[in-house]
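Undergrad: First the structure, which I've put down as structure tokens, then a few questions once you've had a look.
None of the figures in this text is laboratory data; all of them are computed from the coordinates on show. Just so we're clear, the structure is a prediction, and the values are computed from it rather than from any experiment. Methodologically, a virtual Cβ is constructed for each residue, glycine included, from the backbone with ideal geometry; neighbour enumeration extends over all protein chains shown.
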Amino acid sequence: MTTYDELINVPTFWKKKENFNPERWDIKFFCRDCRKIVETKRLDPNKYIYECQICKWRNISIWTQEWLVDFYEIK
Ligand SMILES: [Zn+2]
């Protein structure tokens, strides 16, 4: 479970923060290799490293579903 407090420490989050709508908060993990929203496993509780449960790579974007759908044009 990723909390807001964790996410605000992710550098990429800050770049997008101006577009963030807390009322629509819904954290998802998008695997850039699988090209879809996936389940992940956090490898280190002290770091923001997540492993895709499908391909086992760590090419994961963390964002709200709304943002991901927009950015990656998920259909
Ligand atoms: Zn994957």
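Undergrad: Using the per-residue mean of other Cβ atoms lying within 10 Å as a proxy for protection, in what order, highest first, do the peptides 43-51, 29-37 fall?
TA: Those peptides, ordered most packed to least, come out 29-37, 43-51.
Undergrad: Let me ask another. Can you list the HN-Hα couplings for the stretch 43-59, worked out from phi with the Karplus curve (6.51, -1.76, 1.60; θ = phi - 60°), rounded to whole Hz and with x for Gly and Pro?
TA: 7, 9, x, 9, 10, 9, 10, 10, 10, 5, 7, 9, 9, 6, 8, 10, 8
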